[in-house]
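Dumping the structure here so I can ask a few things about it.
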Amino acid sequence: MTKVTAIVVALLAVSAGMCADTLVDVYVNGKKVNFQPQARVRGGTTYAPLRATAESLGAEVTWQAARQMAVLCRGNSCVSVQKSEGIIVADQMLVPLRILSEALGAKVTWDGTKRAVTINNPGG
């Protein structure tokens, strides 16, 4: 292996490590939610499975295949999420947790020390 090749390989390994997801815990109203796949931070955004997150917040989910969009409704409030807004992990769509939760009326806090998200959901 040449010196240049070794440097390129080392740089690729470092950049791959920087892009790795960090798994995090999520608590809704004080109770840990065991998402599968697990919630994660990628690129500074926390993602969690769309359907499981919505249901943990008391919302119903409808998938509109033709529009590649999920519609989440709780009471009279509805939120739409395009497939392109999420990431796919283990064949499931994960979406930005804070945006989804706050759109459904919940308050979200981050604890960097514990690597945990706490969601206080007044409707759930």
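Nothing in this text is a laboratory measurement; each read-out follows from the coordinates by a stated rule. Values in this document were obtained by computation on a predicted structure and should not be read as measured data. Every residue, glycine as well, gets a Cβ built from its backbone with ideal geometry; the counts of neighbours run over all protein chains shown.
Could you list, in sequence order, the residues of region 54-73 that are under 18 Å from E102 (Cβ atoms), outside any strand (DSSP E or B) and out of contact with any Leu (no Cβ under 6 Å at 6 or more places or on another chain)?
Within region 54-73, E55, S56, G58 meet the criteria.
Would you confirm, using the coordinates I've provided, whether A52 is of a type outside the set (S, T, N, Q), under 14 Å from the mean Cα position of the chain (by Cα) and within 17 Å of K114 (Cα to Cα)?
no
Kindly provide the set of residues from region 41-53 that are assigned to a helix (DSSP H, G or I) and among the basic types (K, R), ordered by number.
Passing the criteria: only R51.
Kindly establish whether V79 is touching a Leu at 6+ places or on another chain (Cβ under 6 Å) and either free of Cβ contacts under 8 Å to residues at least 12 places away in the same chain or assigned to a strand (DSSP E or B) (or both).
Criteria met by V79.
Please find, among L72, L50, L94, L100, the residue that is buried (at least 17 other Cβ atoms within 10 Å of the Cβ), over 20 Å from D25 (Cα atoms) and not hydroxyl-bearing (S, T, Y).
Every option except L72 fails the conditions.
Name the single residue, out of those in region 53-69 being among the hydrophobic types (A, V, I, L, M, F, W, C) and farther than 19 Å from N121 by Cβ, that is surrounded by the most Cβ atoms within 10 Å (Cβ to Cβ).
Once the filter is applied, the top-ranked residue is M69.
Could you list, in sequence order, the residues of region 75-108 that are under 14 Å from the mean Cα position of the chain (by Cα) and hydroxyl-bearing (S, T, Y)?
Within region 75-108, S84, S101 meet the criteria.
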